[in-house]
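Novice: Have a look at this one before I ask anything.
Computed from the coordinates by the stated procedures, all read-outs in this text should not be read as laboratory data. Being a predicted model, the structure only gives us computed values, none of them experimental. Cβ placement follows ideal geometry from the backbone for every residue including glycine, while neighbour counts extend to all protein chains displayed.
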Amino acid sequence: MRNNLAKNFLSCIFSLLLFLGAVGVARAVEPASPAPDNNQAWLSNQVRHRLVMLPWYSLFDNLEYRVDGSKVTLFGQVVQPALKSEAGSVVKSIEGVSEVDNRIEVLPPSPFDSQIRRAEYFSIFSFPSLSRYSLGTNPQIHIIVNSGHVTLEGVVSSQADKNAAGIRASMVPNVFSVTNNLRIEG
């Protein structure tokens, strides 16, 4: 009798686990469709995710976007022309996007600017309090160089870090100007 009771109990547990596993698989396969009133936020998250996952997106590029209903407008500056077209393609492929206005600027190729990019990277991220911002696949500070003019984009944790990044960027030789657009978290 005990064996039958134990077998029935184990059979019920096994059936329950199979059922829960099947439900879990069914939920994982279902597309994540947004609620109608939350569509804008869902679409914005999808655009952000797709842009930061682009393989050629680096700390020398700046990608920004605006979502208006089902229309997405892309802004920013990139070093590689392929990144501009790839950004437009991946955003256009998002379910719910009807139109993409790709206003991303492709920076002109310049050995002079490439030298400044390397020098800016070393100057900013070799500073002890700023080195943490270079970590990860999508660094928090982006360095945009266009014809000798430097713009810092991204997010830092304090006003002191923002100021330090601007000062370090200004110390690089042959830079005509530095615009510090870094935002402070929170």
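Novice: In percent, what relative contact order does the stretch 36-106 have, based on Cα pairs under 8 Å that are 6 or more apart in sequence?
Specialist: 33 percent
Novice: For the stretch 122-139, just list the computed ³J(HN,Hα) in residue order, Karplus coefficients 6.51, -1.76 and 1.60, θ = phi - 60°, integers in Hz, with x standing in for Gly and Pro.
Specialist: 5, 5, 6, 7, 7, 6, x, 6, 9, 4, 5, 6, 8, 7, x, 6, 10, x
Novice: Let me ask something additional. Mind listing the phi-derived Karplus ³J(HN,Hα) values for the stretch 161-169, rounded to whole Hz, using 6.51, -1.76 and 1.60 with θ = phi - 60°, and x for any glycine or proline?
Specialist: For the stretch 161-169, the Karplus-derived couplings read 5, 4, 5, 4, 5, x, 5, 4, 5 Hz, x marking Gly and Pro.
Novice: How far is the Cα center of the stretch 38-105 from the Cα center of the stretch 149-166, in Å?
Specialist: 23 Å
Novice: Moving on to the next point. Between I94 and V106, what is 0.36 nm times their sequence separation minus the Cα-Cα distance? Round to one decimal in nm.
Specialist: 2.0 nm
Novice: Just need the Rg to Rh number for the stretch 41-183, please, alpha carbons only, Kirkwood Rh.
Specialist: With Rg and the Kirkwood Rh in hand, the quotient comes to 0.99.
Novice: Positive end of the dipole of the stretch 32-146, charges at C-beta (+1 Lys, Arg; -1 Asp, Glu), about the Cα centre: which of L83, L63, Q140 has its Cα farthest in that direction?
Specialist: After comparing all options, I get Q140.
Novice: I would also like to ask the following. Over the stretch 36-106, how many percent of alpha carbon pairs lie in each 5 Å bin up to the one with the longest distance?
Specialist: With 5 Å bins starting at 0, P(r) equals 3, 18, 34, 24, 13, 6, 2, 0.
Novice: Same structure again: Collect residues whose amide H, placed 1.01 Å from N in the peptide plane, falls under 5 Å from the amide H of Y65; neighbours closer than 5 in sequence don't count.
Specialist: F75
Novice: As a test of understanding, state the convex hull volume per residue of the stretch 111-184 from its alpha carbons, in Å³.
Specialist: Taking the convex hull of the Cα positions in the stretch 111-184, it is 75 Å³ per residue.
Novice: Can you list the trypsin sites (Lys or Arg not before Pro) in the stretch 100-166 that are in a DSSP coil and have 16 or fewer other beta carbons within 10 angstrom?
Specialist: Those that pass, being in a loop and sparsely packed, are R103.
Novice: Also, quick follow-up: Across the stretch 98-103, in residue order, what do the Karplus-derived ³J(HN,Hα) couplings come to in whole Hz, using 6.51 cos²θ - 1.76 cosθ + 1.60 with θ = phi - 60° and x for Gly and Pro?
Specialist: Values per residue, Gly and Pro as x: 9, 8, 10, 9, 8, 9 Hz.
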